[in-house]
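Here's the structure, in C-alpha coordinates; my notes come after.
The values are calculated or read from the model by the stated rules, or taken from the named source; none is laboratory data. If you're wondering where the values come from, they're calculated on a predicted model, not measured in any experiment. Here the Cβ positions follow ideal geometry from the backbone for every residue, glycine too, while neighbour counts run over all protein chains shown. Areas reflect the complete protein model, heavy atoms only, side chains present, ligands, DNA and RNA absent. Shrake-Rupley method; radii C 1.70, N 1.55, O 1.52, S 1.80 Å.
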Amino acid sequence: YWWPALLVAVFAVDTFFLGQTNILIMALVYWAFLDDQRGRQWRAGLPLGAAIAIKVFPVPLLAYFLYRRRFAVAAAGAIWTVFFLFVLPAPVRGFERNVAELRDWGDRVALPFVSHGRAGDWGQHSLDYGNQSLPAVARRFLTRVNAQVAARKDNPIYVNVADLSEGAVNAVVLAVSVLLVLALSWACGWAAPRDRRQQAVEYGLATALLLLTSALSWTYFFVMLLLIHT
(Lines give C-alpha, C1' and ligand atoms only; values in the text may rest on other atoms or scores of the structure.)
Protein backbone atom coordinates (compact mmCIF):
# COMPACT_ATOMS: atom_id res chain seq x y z
CA TYR A 1 0.00 0.00 0.00
CA TRP A 2 1.27 3.43 -0.92
CA TRP A 3 -0.57 5.56 1.61
CA PRO A 4 1.48 4.61 4.73
CA ALA A 5 4.65 5.63 2.88
CA LEU A 6 3.00 8.92 1.92
CA LEU A 7 2.09 9.50 5.57
CA VAL A 8 5.66 8.85 6.70
CA ALA A 9 6.85 11.21 3.95
CA VAL A 10 5.25 14.03 5.96
CA PHE A 11 7.71 13.29 8.76
CA ALA A 12 10.53 13.17 6.21
CA VAL A 13 9.66 16.66 4.96
CA ASP A 14 9.48 17.85 8.57
CA THR A 15 12.95 16.44 9.15
CA PHE A 16 14.39 18.34 6.15
CA PHE A 17 12.81 21.65 7.18
CA LEU A 18 14.16 21.32 10.71
CA GLY A 19 17.62 20.38 9.52
CA GLN A 20 17.56 17.18 11.57
CA THR A 21 19.58 14.00 11.02
CA ASN A 22 16.90 11.38 11.59
CA ILE A 23 16.68 10.33 7.94
CA LEU A 24 20.42 9.64 8.07
CA ILE A 25 19.93 7.64 11.27
CA MET A 26 17.09 5.72 9.61
CA ALA A 27 19.37 4.87 6.68
CA LEU A 28 22.19 3.76 8.99
CA VAL A 29 19.86 1.56 11.07
CA TYR A 30 18.41 0.08 7.88
CA TRP A 31 21.94 -0.61 6.65
CA ALA A 32 22.74 -2.41 9.93
CA PHE A 33 19.56 -4.52 9.67
CA LEU A 34 20.32 -5.39 6.04
CA ASP A 35 23.88 -6.49 6.78
CA ASP A 36 22.68 -8.52 9.76
CA GLN A 37 20.06 -10.21 7.61
CA ARG A 38 22.73 -11.12 5.06
CA GLY A 39 25.03 -12.57 7.71
CA ARG A 40 27.56 -9.72 7.68
CA GLN A 41 27.47 -9.24 11.42
CA TRP A 42 30.79 -7.48 11.95
CA ARG A 43 30.08 -5.01 9.15
CA ALA A 44 26.59 -4.35 10.51
CA GLY A 45 28.16 -2.82 13.61
CA LEU A 46 29.67 0.08 11.66
CA PRO A 47 26.42 1.85 10.65
CA LEU A 48 24.85 0.96 14.00
CA GLY A 49 27.74 2.57 15.87
CA ALA A 50 27.54 5.65 13.63
CA ALA A 51 23.80 6.00 14.30
CA ILE A 52 24.31 5.76 18.07
CA ALA A 53 27.14 8.30 17.95
CA ILE A 54 24.94 10.80 16.09
CA LYS A 55 21.91 10.38 18.39
CA VAL A 56 22.05 7.95 21.25
CA PHE A 57 18.45 6.71 21.13
CA PRO A 58 19.23 3.66 18.87
CA VAL A 59 21.45 2.18 21.63
CA PRO A 60 18.75 -0.34 22.78
CA LEU A 61 19.28 -2.10 19.45
CA LEU A 62 22.49 -3.44 20.97
CA ALA A 63 20.32 -5.26 23.53
CA TYR A 64 18.10 -6.58 20.73
CA PHE A 65 21.09 -8.06 18.89
CA LEU A 66 22.33 -9.61 22.14
CA TYR A 67 18.88 -11.12 22.67
CA ARG A 68 19.04 -12.56 19.17
CA ARG A 69 22.55 -13.88 19.87
CA ARG A 70 24.04 -11.63 17.21
CA PHE A 71 27.02 -11.05 19.49
CA ALA A 72 29.26 -9.89 16.68
CA VAL A 73 26.80 -7.12 15.71
CA ALA A 74 26.51 -5.92 19.30
CA ALA A 75 30.27 -6.03 19.87
CA ALA A 76 31.08 -4.27 16.59
CA GLY A 77 28.37 -1.68 17.26
CA ALA A 78 29.87 -0.90 20.68
CA ILE A 79 33.40 -0.71 19.25
CA TRP A 80 32.40 1.62 16.42
CA THR A 81 30.42 3.79 18.84
CA VAL A 82 33.54 4.27 20.95
CA PHE A 83 35.53 5.01 17.80
CA PHE A 84 33.12 7.66 16.52
CA LEU A 85 32.73 9.30 19.93
CA PHE A 86 36.28 9.17 21.31
CA VAL A 87 38.79 8.48 18.54
CA LEU A 88 37.50 10.21 15.40
CA PRO A 89 36.98 13.72 16.92
CA ALA A 90 40.25 13.65 18.92
CA PRO A 91 42.60 15.00 16.19
CA VAL A 92 40.32 18.02 15.72
CA ARG A 93 38.92 18.62 19.20
CA GLY A 94 41.83 17.26 21.19
CA PHE A 95 41.48 14.05 23.19
CA GLU A 96 41.14 15.64 26.65
CA ARG A 97 38.69 18.28 25.45
CA ASN A 98 36.64 15.68 23.62
CA VAL A 99 36.47 13.46 26.72
CA ALA A 100 35.48 16.46 28.86
CA GLU A 101 32.66 17.36 26.44
CA LEU A 102 31.40 13.77 26.39
CA ARG A 103 31.48 13.66 30.18
CA ASP A 104 29.54 16.92 30.31
CA TRP A 105 26.98 15.51 27.85
CA GLY A 106 26.64 12.40 30.00
CA ASP A 107 26.05 14.45 33.16
CA ARG A 108 23.50 16.77 31.53
CA VAL A 109 21.67 14.40 29.16
CA ALA A 110 22.31 10.70 29.67
CA LEU A 111 22.52 10.49 33.48
CA PRO A 112 19.22 12.35 34.14
CA PHE A 113 17.42 9.94 31.80
CA VAL A 114 18.97 6.84 33.38
CA SER A 115 18.39 8.01 36.96
CA HIS A 116 15.16 10.03 36.68
CA GLY A 117 13.69 9.20 33.27
CA ARG A 118 14.02 12.80 32.09
CA ALA A 119 15.35 14.13 28.82
CA GLY A 120 18.42 15.75 30.31
CA ASP A 121 18.58 19.54 30.12
CA TRP A 122 15.73 20.02 27.63
CA GLY A 123 13.48 21.28 30.42
CA GLN A 124 9.98 22.31 29.34
CA HIS A 125 10.68 21.34 25.73
CA SER A 126 10.95 17.69 26.79
CA LEU A 127 7.50 17.79 28.41
CA ASP A 128 5.38 19.60 25.83
CA TYR A 129 2.92 17.79 23.59
CA GLY A 130 5.40 17.75 20.71
CA ASN A 131 7.32 15.01 22.51
CA GLN A 132 5.44 11.72 22.12
CA SER A 133 7.85 9.43 23.97
CA LEU A 134 6.57 7.27 26.80
CA PRO A 135 8.36 9.24 29.58
CA ALA A 136 6.99 12.55 28.29
CA VAL A 137 3.42 11.30 27.81
CA ALA A 138 3.43 9.71 31.27
CA ARG A 139 4.52 12.97 32.87
CA ARG A 140 1.92 15.01 31.01
CA PHE A 141 -0.92 12.71 32.09
CA LEU A 142 0.25 11.72 35.56
CA THR A 143 1.74 14.97 36.89
CA ARG A 144 0.63 18.58 36.70
CA VAL A 145 3.13 19.92 34.19
CA ASN A 146 2.62 22.46 31.45
CA ALA A 147 2.03 20.61 28.17
CA GLN A 148 2.22 23.74 26.02
CA VAL A 149 5.03 23.94 23.44
CA ALA A 150 7.87 25.86 25.05
CA ALA A 151 8.40 28.13 22.02
CA ARG A 152 4.83 29.44 22.18
CA LYS A 153 3.68 32.25 24.45
CA ASP A 154 0.13 30.94 24.86
CA ASN A 155 -1.47 30.07 28.17
CA PRO A 156 -0.29 26.88 29.88
CA ILE A 157 -2.07 23.62 29.03
CA TYR A 158 -2.65 20.94 31.64
CA VAL A 159 -3.87 17.52 30.53
CA ASN A 160 -3.08 15.46 33.62
CA VAL A 161 -5.61 13.03 35.07
CA ALA A 162 -3.53 12.51 38.23
CA ASP A 163 -0.82 14.30 40.19
CA LEU A 164 1.66 11.64 41.21
CA SER A 165 5.10 12.12 42.67
CA GLU A 166 8.16 11.96 40.46
CA GLY A 167 9.14 8.62 41.95
CA ALA A 168 5.72 7.15 41.22
CA VAL A 169 5.81 8.33 37.60
CA ASN A 170 9.30 6.89 37.17
CA ALA A 171 8.00 3.57 38.50
CA VAL A 172 5.11 3.65 36.02
CA VAL A 173 7.43 4.44 33.10
CA LEU A 174 9.81 1.67 34.14
CA ALA A 175 6.99 -0.86 34.54
CA VAL A 176 5.46 -0.02 31.14
CA SER A 177 8.90 -0.14 29.51
CA VAL A 178 9.54 -3.59 30.97
CA LEU A 179 6.13 -4.76 29.76
CA LEU A 180 6.89 -3.47 26.26
CA VAL A 181 10.24 -5.27 26.22
CA LEU A 182 8.57 -8.47 27.42
CA ALA A 183 5.89 -8.07 24.75
CA LEU A 184 8.59 -7.67 22.11
CA SER A 185 10.37 -10.77 23.41
CA TRP A 186 7.12 -12.74 23.38
CA ALA A 187 6.24 -11.57 19.86
CA CYS A 188 9.70 -12.47 18.57
CA GLY A 189 9.95 -15.75 20.47
CA TRP A 190 13.12 -17.48 21.59
CA ALA A 191 13.75 -19.25 18.31
CA ALA A 192 15.52 -17.44 15.50
CA PRO A 193 13.30 -16.06 12.70
CA ARG A 194 12.38 -18.72 10.16
CA ASP A 195 12.67 -16.44 7.14
CA ARG A 196 13.53 -12.90 6.10
CA ARG A 197 9.94 -11.72 6.35
CA GLN A 198 9.72 -12.70 10.01
CA GLN A 199 13.08 -11.11 10.66
CA ALA A 200 11.91 -7.89 9.00
CA VAL A 201 8.90 -7.86 11.33
CA GLU A 202 11.25 -8.11 14.29
CA TYR A 203 13.29 -5.18 12.99
CA GLY A 204 10.11 -3.14 12.67
CA LEU A 205 8.97 -3.97 16.22
CA ALA A 206 12.40 -3.12 17.63
CA THR A 207 12.36 0.21 15.77
CA ALA A 208 8.89 1.08 17.11
CA LEU A 209 10.05 0.28 20.63
CA LEU A 210 12.95 2.71 20.19
CA LEU A 211 10.54 5.55 19.50
CA LEU A 212 8.38 4.69 22.51
CA THR A 213 11.11 4.35 25.12
CA SER A 214 13.36 7.18 23.96
CA ALA A 215 13.50 10.27 26.13
CA LEU A 216 12.62 12.37 23.08
CA SER A 217 10.32 11.39 20.22
CA TRP A 218 9.32 14.51 18.36
CA THR A 219 7.46 14.34 15.07
CA TYR A 220 10.53 14.10 12.85
CA PHE A 221 11.66 10.99 14.78
CA PHE A 222 8.75 9.08 13.25
CA VAL A 223 10.42 9.02 9.86
CA MET A 224 11.88 5.81 11.33
CA LEU A 225 8.45 4.24 10.79
CA LEU A 226 9.31 4.01 7.11
CA LEU A 227 11.35 0.95 8.08
CA ILE A 228 8.20 -0.71 9.41
CA HIS A 229 6.26 0.03 6.24
CA THR A 230 8.98 -1.28 3.94
(message) Quick check: the angle from helix 95-105's long axis to the longest principal axis of the chain, C-alpha only, nearest 10 degrees?
(response) 50 degrees
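Give, rounded to the nearest 20 debye, the magnitude of the charge dipole that the chain has about its Cα centre when Lys and Arg contribute +1 at Cβ and Asp and Glu contribute -1 at Cβ.
The dipole magnitude comes to about 480 debye.
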(message) Suppose all protein chains stay in the model; what accessible area per residue would a 1.4 Å probe give for region 126-221, in Å²?
(response) 54 Å²
(request) Compute the long axis of helix 196-213 from its Cα atoms, compare it with the longest principal axis of the Cα atoms of the chain, and write down the angle in degrees, 0 to 90, nearest 10. (result) 30 degrees
(request) Could you state the angle between the C-alpha long axis of helix 41-54 and the longest principal axis of the C-alpha atoms of the chain, as a value from 0 to 90 degrees rounded to the nearest 10? (result) 20 degrees
(request) Quick one: pull the percent of accessible area on region 32-88 belonging to carbon and sulfur, 1.4 Å probe, ligands and nucleic acids left out. (result) 72 percent
(message) Along the Cα→Cβ direction, 7 angstrom out, place labels at Ile54 and Leu66. What is the inter-label distance in nm?
(response) 2.5 nm
(request) Report the label-to-label distance for Arg196 and Asn155 in nanometres (one decimal), using points 7 Å from each Cα along the Cα→Cβ vector. (result) 5.7 nm
(message) If R₀ is 35 angstrom, what is the calculated FRET efficiency for the pair Ala183 and Val92, using the beta carbon separation as r and rounding to 0.05?
(response) 0.20
(request) Rank Val176, Ala162, Tyr30 by how far each Cα sits towards the positive end of the charge dipole of the chain (+1 on Lys, Arg Cβ; -1 on Asp, Glu Cβ) and give me just the farthest. (result) Tyr30
(message) Using each residue's phi in region 176-190, evaluate 6.51 cos²θ - 1.76 cosθ + 1.60 at θ = phi - 60° and report the 3J(HN,Hα) Karplus result to the nearest Hz, with x for Gly and Pro.
(response) 5, 4, 5, 4, 5, 5, 5, 5, 5, 5, 5, 5, 7, x, 7
(request) Step through the residues of region 14-30 one at a time and calculate ³J(HN,Hα) from phi using the Karplus curve (6.51 cos²θ - 1.76 cosθ + 1.60, θ = phi - 60°), rounding each to whole Hz and writing x for Gly and Pro. (result) 4, 4, 5, 5, 8, x, 8, 10, 5, 5, 4, 5, 4, 5, 5, 5, 4
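Could you give the dipole magnitude of region 1-109 about its Cα centre, charging the beta-carbon of Lys and Arg +1 and that of Asp and Glu -1, in debye to the nearest 20?
On the way: 11 positive and 7 negative charges, 76 e Å.
Using Cβ point charges on Lys, Arg, Asp and Glu, region 1-109 gives about 360 debye.
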(request) Find how many whole Å separate the alpha carbon centroid of region 156-230 from the alpha carbon centroid of region 11-85. (result) 17 Å
